[in-house]
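Report on the structure given below.
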Amino acid sequence: MPEESKPAIYGGQAVIEGVMFGGKHVNVTAVRRKDGEITFLEVPKQDKNWVKKLRKIPLIRGLVSIVDSSAKGSKHLNYSAEAMAEDEMEPEERAKQKEKKNPDSLWA
């Protein structure tokens, strides 16, 4: 079957106040913040060569797919949880959190 006639395959899952969805080349999470803004986390799909080889072996490919999906889903779920936790913080707490993440900004 030629490449252009294959149907596009998309999938996704719910995350906290948003959705994670994946396409052929990228996984994206969209989260609605408390102020109504929608933020995104976009992660390109890049499988290692050894993972591609494992995906060709029956039985092993199922295990590899489950582990891969769980890892990617956890990353996107953590992003949405952090976004919601940040929205719940008071402005002073949020400023302290940003200082902890980027201490060099105090000296810039």
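The values are calculated or read from the model by the stated rules, or taken from the named source; none is laboratory data. Note that the coordinates shown come from a computational prediction; the quantities given were computed from them, not determined experimentally. Glycine gets a Cβ as well: all are built from the backbone with ideal geometry, and neighbour counts include every protein chain shown.
So here's what we get for this one:
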read-out	value
All positions within segment 37-55 that are at pLDDT 90 or above and surrounded by fewer than 11 Cβ atoms within 10 Å (Cβ to Cβ)	Glu37, Ile38, Phe40, Glu42, Pro44
Residue satisfying condition, being at pLDDT below 90 and either loosely packed, with under 10 Cβ neighbours inside 10 Å or in contact with a Lys or Arg (Cβ under 6 Å, 6 or more places away or on another chain) (or both), within set Glu86, Glu3	Glu3
Of residues in segment 4-60 being hydroxyl-bearing (Ser, Thr, Tyr) and outside any helix (DSSP H, G or I), the one nearest to Ala85 (Cα to Cα)	Thr39
Qualifying position, being touching a helix residue (DSSP H, G or I) at 6+ places or on another chain (Cβ under 8 Å) and surrounded by 11 or more Cβ atoms within 10 Å (Cβ to Cβ), among Arg32, Arg61	Arg61
Check on Gly73, modelled with pLDDT of 85 or more, touching a strand residue (DSSP E or B) at 6+ places or on another chain (Cβ under 7 Å) and surrounded by 14 or more Cβ atoms within 10 Å (Cβ to Cβ)	yes
Test: Ile66 is loosely packed, with under 11 Cβ neighbours inside 10 Å and of a type in the set (Val, Ile, Thr)	yes
